[in-house]
1. When you go through (1) closer than 15 Å to VAL126 by Cα; (2) surrounded by 14 or more Cβ atoms within 10 Å (Cβ to Cβ); (3) touching a residue at least 24 places away in the same chain (Cβ under 8 Å) one by one for ARG67, which number turns out not to apply?
2. Of all residues in region 111-128, which are more than 19 Å from VAL5 (Cα to Cα) and either in contact with a Lys or Arg (Cβ under 9 Å, 6 or more places away or on another chain) or not in a loop (DSSP other than H, G, I, E, B) (or both)?
3. Of the numbered conditions (1) under 14 Å from the mean Cα position of the chain (by Cα); (2) touching a residue at least 24 places away in the same chain (Cβ under 8 Å), SER54 satisfies every one except a single condition; which is it?
4. Taking into account only those residues within region 73-82 that are farther than 22 Å from GLY10 by Cβ and touching a residue at least 12 places away in the same chain (Cβ under 8 Å), which is surrounded by the most Cβ atoms within 10 Å (Cβ to Cβ)?
5. Working only within region 47-64, note down all residues that are more than 19 Å from LEU86 (Cα to Cα) and buried (at least 21 other Cβ atoms within 10 Å of the Cβ).
6. Please go through region 99-118 and pick out each residue that is more than 21 Å from SER63 (Cβ to Cβ) and touching a Leu at 6+ places or on another chain (Cβ under 6 Å).
7. When both residues are 6+ apart or on different chains and their Cβ atoms are under 6 Å apart, which pairs have a first residue that lies in region 98-111 and is within 23 Å of GLN39 (Cβ to Cβ), and a second that is assigned to a strand (DSSP E or B) and not basic (Lys, Arg)?
8. Select from region 1-46 the residues that are of a type in the set (Gly, Ala, Ser), buried (at least 16 other Cβ atoms within 10 Å of the Cβ) and over 15 Å from GLN82 (Cα atoms) and list them in ascending order.
Amino acid sequence: QLQLVESGGGLVQPGGSLRLSCTPSEFTLDYFAIAWFRQAPGKEREGVSCISASSDRLHYSDSVKGRFTISRDSAKNTAYLQMNSLKPEDTAVYYCAASLSNYYNDYDPFLLSQYYYWGPGTQVTVSS
């Protein structure tokens, strides 16, 4: 099966950190732009961050800029989202997605239609 799997979610106190991982099954991520989305209960899915295949382009939503870092490791065939200084409003199910292109859309980085492969999501809860 061609799919993505997220891991690394859990319960963390405000100000804490988590690192999410995204791994594929039976294919390589090298040629695909990768994005992280999140969805809180009762809210629409929103974009968090995205990265091009070669890592030469990065984008972050205003709400996470300066706190989250997206990266990828070709040798491990894995994409990451390092989440620091977590806030209660970061609580959501986090999804990894892969585009069929080397680059995401610079004019609309979180346009959902450009992402073809998705993972089932991992829960992140920030609470004291």
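Derivation of every value follows stated rules applied to the coordinates shown; laboratory data play no part. These numbers were taken from a predicted model, which means no experiment stands behind them. Don't worry about glycine lacking a Cβ; one is built from the backbone with ideal geometry, like all the others, and counts go over all protein chains shown.
1. (3)
2. Filtering region 111-128 for residues more than 19 Å from VAL5 (Cα to Cα) gives 111, 113, 126-128.
Result: SER113, VAL126.
3. Going through the list (1) under 14 Å from the mean Cα position of the chain (by Cα); (2) touching a residue at least 24 places away in the same chain (Cβ under 8 Å), SER54 breaks only (1).
4. Narrowing region 73-82 to residues farther than 22 Å from GLY10 by Cβ: 74-75, 77.
So of that shortlist, the ones also touching a residue at least 12 places away in the same chain (Cβ under 8 Å) come out as 74, 77.
Details: SER74: 12, ASN77: 14.
For region 73-82, the residue satisfying everything is ASN77.
5. Here is the first cut: in region 47-64, the residues more than 19 Å from LEU86 (Cα to Cα) are 51-58.
If the condition is that a residue be more than 19 Å from LEU86 (Cα to Cα) and buried (at least 21 other Cβ atoms within 10 Å of the Cβ), then ILE51 is the only one that fits.
6. Within region 99-118, TYR116, TYR117 meet the criteria.
7. From residues that are within 23 Å of GLN39 (Cβ to Cβ), the pairs are ALA98/ILE34; ALA98/TYR117; SER99/TYR115; LEU100/TYR116; TYR104/CYS50; PRO109/CYS50; PRO109/HIS59; PHE110/GLY47.
8. Start the filter on region 1-46 by keeping residues that are of a type in the set (Gly, Ala, Ser), which leaves 7-10, 15-17, 21, 25, 33, 35, 40, 42.
From what is left, the residues that are buried (at least 16 other Cβ atoms within 10 Å of the Cβ) are 8-9, 21, 33, 35.
Listed by number, the list holds a single entry, ALA33.
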